[in-house]
Amino acid sequence: MTALPPPTLRLDLDAEALAHNWRALDRLSGSARAGAAVKADAYGLGASKVVPILAKACARDFFVAHWSEVPEVIAHVPPSSVSVLHGPMSDADCAFARETGVRPVLNSLEQVARWRSAGGGACDLMFDTGINRLGLPLSAVSNPALQGLEVETLMSHLASADEDVAQNEQQLARFREIAAAIPAKRRSLSNSAGIALGADYAFDLTRPGLALYGGVPRGELANEIRQVAHPRAALLQVREIAAGEGVGYNAAFVARGPMRVGVVSLGYADGFLRCWGGKGALRSEGADLPLLGKVSMDMVVVDLAAAPAVREGDWVDVPYNLPTASAQCGLSQYELLTTLGRRFRR
Ligand SMILES: *Cc1c(COP(=O)(O)O)cnc(C)c1O
């Protein structure tokens, strides 16, 4: 087939900022090493781009959620550096882990038994200390089924590390109890926000995700973390409209005077959801281009008053400072990243 013409959407990844964020989080983890959560295609940014950059920055521990996410990651790093958070739901999952050499995270006594009967080997072990999602209950700590298990990383996950609440200390106390009872090469509790809770929460390995990609879950990280994802969209058409004319579906915006407006190749199918309708602005060389009317599937319309020189085919910036964008549109910083669609060239 002939080569595809260039797309009208790009997701520019600032590799320097990504490596910087990992190094900052590694430093903030104190005596612990920072790993990297690269599940969900590295939070939507593209695992095949992100993983080599993090590996070069010296990350040695990678976390995915699904088994389907393994091949893309082990194309770039040794399988023994990859953990699969959802754990083995079947014998096929166990066989896949043993053949590839990635580690399952065992989340229940059932998964422990399944892994052992498949032949076992190095694994990670997740305890639930209060989030009530995945993980063995505290009551399983002394269960003989865990004896002799080859635990590489013993872990738990914080539910509210982005807030100052008693639950953090409660989970920490429970995790200490578990860590004292279960032999493991390494212990790991903190996600991005947990790293900002300080040295007590760091143990041997931290598991940042969001903050690697420019998310700021706690104020302490604001000056440490740089923006990584820079979405850009092309201007498809410039139009002059007259007073009284509506823009987009249901004429949710009506011009009060003559206007020069731009139709941009960015819509809710690209993860630029309808919550942005009439809110905020795209940018062109520092000038604000306010969003007009509803977000369509493949397009938005912006006011070009502040950028008289832009023309069809030019790129405009989609402001994606995550804490700011999140406050503006109401989506979480996680959602802002993971919903970015497949039509962006990464
Ligand atoms: C997603 C995830 C992380 C990373 O969390 P962030 O809040 O993105 O830093 C760490 N650990 C586990 C178990 C996870 O599921």
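The values are calculated or read from the model by the stated rules, or taken from the named source; none is laboratory data. Since we're looking at a predicted model, the values are computed, not measured. Here the Cβ positions follow ideal geometry from the backbone for every residue, glycine too, while neighbour counts run over all protein chains shown.
Which of the residues spanning the stretch 139-163 are touching a residue at least 24 places away in the same chain (Cβ under 8 Å), away from the ligand (no atom under 16 Å from the Cβ) and not in a helix (DSSP H, G or I)? Break it down stepwise before answering.
Here is the first cut: in the stretch 139-163, the residues touching a residue at least 24 places away in the same chain (Cβ under 8 Å) are 140-143, 145-146, 149-159, 161-162.
Subset that is away from the ligand (no atom under 16 Å from the Cβ): 140-143, 145-146, 149-150.
Residues satisfying the conditions are Val141, Ser142, Asn143, Leu149, Glu150.
Can you pull out every residue in the stretch 320-342 that is away from the ligand (no atom under 16 Å from the Cβ), part of a loop (DSSP other than H, G, I, E, B) and surrounded by fewer than 18 Cβ atoms within 10 Å (Cβ to Cβ)? Before the answer, list the steps.
First, the residues of the stretch 320-342 that are away from the ligand (no atom under 16 Å from the Cβ): 320-321, 324-325, 327-330, 341-342.
From what is left, the residues that are part of a loop (DSSP other than H, G, I, E, B) are 320-321, 330, 341-342.
Passing the criteria: Asn321, Gly330, Gly341, Arg342.
Restricting to the stretch 123-160, what's the tally of residues that are on the phi > 0 side of the Ramachandran plot, of a type in the set (S, T, N, Q) and in contact with a helix residue (DSSP H, G or I) (Cβ under 8 Å, 6 or more places away or on another chain)?
Applying the first criterion (on the phi > 0 side of the Ramachandran plot) to the stretch 123-160 yields 130, 132, 135, 148.
Add one more test, that the residue is of a type in the set (S, T, N, Q), and what stays is 132.
Now narrow it down to the ones that are in contact with a helix residue (DSSP H, G or I) (Cβ under 8 Å, 6 or more places away or on another chain): none.
Number of matching residues: 0.
Filter the stretch 78-97 down to residues that are buried (at least 16 other Cβ atoms within 10 Å of the Cβ) and farther than 17 Å from Gly135 by Cα and give me whichever is nearest to the ligand (Cβ to nearest atom). Spell out how you get there, then give the answer.
Going through the stretch 78-97, the residues buried (at least 16 other Cβ atoms within 10 Å of the Cβ) turn out to be 81-88, 93-94, 96-97.
Narrowing the set further to residues that are farther than 17 Å from Gly135 by Cα leaves 81-82, 93-94, 96-97.
Details: Ser81: 15, Val82: 14, Asp93: 17, Cys94: 20, Phe96: 20, Ala97: 17 Å.
Here the answer is Val82.
Being under 18 Å from Tyr43 (Cα atoms), among the acidic types (Asp, Glu) and modelled with pLDDT of 95 or more is the requirement here; does Glu335 meet it? Explain how you work it out, then say what you get.
Working: under 18 Å from Tyr43 (Cα atoms): yes; among the acidic types (Asp, Glu): yes; modelled with pLDDT of 95 or more: yes.
Spelling it out, Glu335 is indeed under 18 Å from Tyr43 (Cα atoms), among the acidic types (Asp, Glu) and modelled with pLDDT of 95 or more.
Considering only the stretch 206-302, give the strands (runs of 3 or more DSSP E) lying wholly within it that have at least 3 residues that are closer than 30 Å to Ser29 by Cα.
Details: elements: 229-241, 259-264, 281-284, 287-292.
Per the criteria, 229-241.
Any idea which of (1) assigned to a helix (DSSP H, G or I); (2) under 27 Å from Ile178 (Cβ atoms) is the one Asn21 doesn't satisfy?
(2)
Any residue at all in the stretch 187-208 that's in the same structural domain as Leu291 (by TED's automatic domain parsing), over 22 Å from Ala55 (Cα atoms) and out of contact with any strand residue (DSSP E or B) (no Cβ under 9 Å at 6 or more places or on another chain)? Give the derivation first.
Let us first name the residues in the stretch 187-208 that are in the same structural domain as Leu291 (by TED's automatic domain parsing), namely none.
The answer is no; no qualifying residue exists.
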